[in-house]
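Notes to accompany the following structure.
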Amino acid sequence: MSDLAASGMFLPSQTVGSVLCCICGVSMPPNPANMCVRCLRSRVDITEGLPRHASLVYCPECRSYLQPPRTWIRADLESKELLTFCLRRLKPLTRHVRIVNAEFVWTEPHSKRIKLRLRVQREALNGAILEQSHLIEFTQHDNLCDSCSRFQANPDQWVAAVQLRQHVSHRRTFFHLEQLILRHGAAARTLRIKEADRGVDFFFGNRSHAIKFVDFISSSVPVQSRSDKQLVSHDPKSNTYNYKHTFSVEICPICREDLICLPPKVANTLGNLGPLVLCTKVSNSIVLLDPFTLRSAYLDAKQYWGSPFKALLSSRQLVEYIILDVEMESSEISVGGSKYVLAYAQVARVSDFGKNDNIFTVRTHLGHLLNPGGYALGYDLYGANINDCEVDKYRGLDLPHAILVKKSYEEKRQKRRGKGRSWKLKSLNMEIDNTKGRMDEEKRANDYEEFLRDLEENPELRFNMSLYHNNDYQPSEMASTVGGDELPSVPLDELIAELAISDEEESNCGSMAE
């Protein structure tokens, strides 16, 4: 253009053409409809067929809105989250029009109304695009979400109860189950959780929730269960019955690290295993290990309850030994994912020091863990008073003087007593009977401390558990190493940040699926 103007050629000026509106005759820029905007709006309504009213389900307790079918989303009034939620509810509207802008129209907070003004675009006539304002009014309907309704429900109005029991002298099994329940959210539908003697009671508002919980427990530990029901009320006119259901669930009394003398019938079924075996793991089946031959076997719930037996000695009867000498007998062998080495060890009871010269030579499966001068925990069969009918069935059975179970860190833990841990666990909202004596409280505290030590020493127990950072923990250089050998601890990469606890609780309060 500049070259043409410089050459002196005539250039006509560019003008914008205009046409007359075919309805009112007003001059206007041309468009496909040949109508001015005023006439076009008077004859074409692009909001025709669009909804002007909608409803929202609102929980006044946690200020969340229901996203069908079961998701609850927390949002404040006139917030970005609420605007996004309302637009999602209007998703079918976008099939007909294009939303350009959206904003709230102020309403009284107590009016139970939310007004939304939209700017929408739509093809009006012969390809002409028209933009128009559209007002939608949402009506709030109050309804408590599942978590709030359970929180406000009367805990005595339960329909089904699960009575979980284990007849042993400690509660470590329930501490382990508590973490599994929290990890998988198995107790999300409970109305109330109450600690009982040798067990825990779970109360539900629906029988199906109790059945689902019993199935979860059955997949975690070997149990046997039975169910009963009691008639509460009966309406002869409508022929309806109201029952209270009770599920009695008994956990097998065999725990990890227990010493067992297998009955002859069970030993023959397992290929003449034992008869003296150690329980190394309890899940939905029991893992038994012969510490003298490294043979192992699995016993499921059906096999156990078909021929039940009890432990010869439990972990509460473990005795501390000092290791004087270790002589390896075999190379390292993997049994059920764990590594063992057969060895002969010379040991002496720590309690005998300065009193006698009793030294025992025992065969053990812990040759890869024991060192001269170290300590180990084991069962003292030399000084134990064993009165078990299963042992009497084996004529001529020569009991060893001791059976070592695991390495001991008691001396190093004594030096670190009073120091906290860098991690912690969550716990269920459980009603605990505070009327018990001081002895019961100390016993419970000792059982919990033993459970925490087991988690530190055995990484397999931490599987399917959530461990969190302890923000109150202050590390100490003196506590990190004691005697040149580090104590077992939980690696930092297995811990979850403390912030994740509050985030999970807030989201679970607003959204919970079956």
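The values are calculated or read from the model by the stated rules, or taken from the named source; none is laboratory data. The structure presented is a predicted model; accordingly, all values stated were derived computationally and were not measured. A quick note on method: Cβ atoms are made from the backbone with ideal geometry, for glycine too, and the neighbour counts reach across all protein chains shown. For accessibility, only protein heavy atoms count, side chains too; no ligands or nucleic acids. Shrake-Rupley method; radii C 1.70, N 1.55, O 1.52, S 1.80 Å.
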Condition check for T139: farther than 30 Å from Q224 by Cβ and open to solvent by 20 Å² or more (accessible area, probe 1.4 Å): yes
Matching residues, the range 55-100, being open to solvent by less than 30 Å² (accessible area, probe 1.4 Å) and either touching a Ser or Thr at 6+ places or on another chain (Cβ under 8 Å) or of a type in the set (S, T, N, Q) (or both): L56, C62, S64, W72, A75, S79, V97
Search result, residues across the range 391-422 that are closer than 21 Å to V490 by Cα and either among the hydroxyl-bearing types (S, T, Y) or at pLDDT 85 or above (or both): K406, K407, S408, Y409, S422
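Yes/no matrix, rows are residues, columns are (1) crowded, with 16+ Cβ neighbours inside 10 Å; (2) not polar (S, T, N, Q):
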| position | (1), (2) |
| --- | --- |
| G367 | yes, yes |
| G373 | no, yes |
| N387 | no, no |
| E390 | yes, yes |
| K393 | no, yes |
| L404 | yes, yes |
| Y409 | yes, yes |
| N434 | no, no |
| D440 | no, yes |
Residue within the range 446-454 that is among the hydrophobic types (A, V, I, L, M, F, W, C) and either at pLDDT below 85 or touching a strand residue (DSSP E or B) at 6+ places or on another chain (Cβ under 6 Å) (or both) present: no
Residue ranges of strands (runs of 3 or more DSSP E) in the range 182-250 with at least 3 members under 18 Å from the mean Cα position of the chain (by Cα) and surrounded by 13 or more Cβ atoms within 10 Å (Cβ to Cβ): 190-196
Within the range 367-420, tally of residues that are without any contact (Cβ under 8 Å) to a residue 60 or more places away in the chain, within 33 Å of the chain's Cα centre (by Cα) and not in a loop (DSSP other than H, G, I, E, B): 3
Meets criteria (among the acidic types (D, E) and at pLDDT below 90) for D201: no
Checklist (1) without any contact (Cβ under 8 Å) to a residue 40 or more places away in the chain; (2) hydroxyl-bearing (S, T, Y); (3) outside any loop (DSSP other than H, G, I, E, B) applied to T435, failing item: (3)
Scope the range 125-138; condition part of a strand (DSSP E or B) and in contact (Cβ under 8 Å) with a residue 24 or more places away in the chain; matching residues: L125, A128, L130, E131, Q132, H134, L135, I136, E137, F138
Filter result (of a type in the set (V, I, T) and not in a loop (DSSP other than H, G, I, E, B)) within the range 343-365: V347, V350, T361, V362, T364
Subset tally (residues that are within 18 Å of T280 (Cα to Cα) and either open to solvent by 70 Å² or more (accessible area, probe 1.4 Å) or part of a strand (DSSP E or B) (or both)) for the range 320-342: 8
Among residues of the range 41-68, those that are acidic (D, E) and more than 41 Å from the chain's Cα centre (by Cα), counted: 2
Residue ranges of strands (runs of 3 or more DSSP E) in the range 251-309 with at least 1 members within 21 Å of S169 (Cβ to Cβ) and open to solvent by 10 Å² or more (accessible area, probe 1.4 Å): 276-282
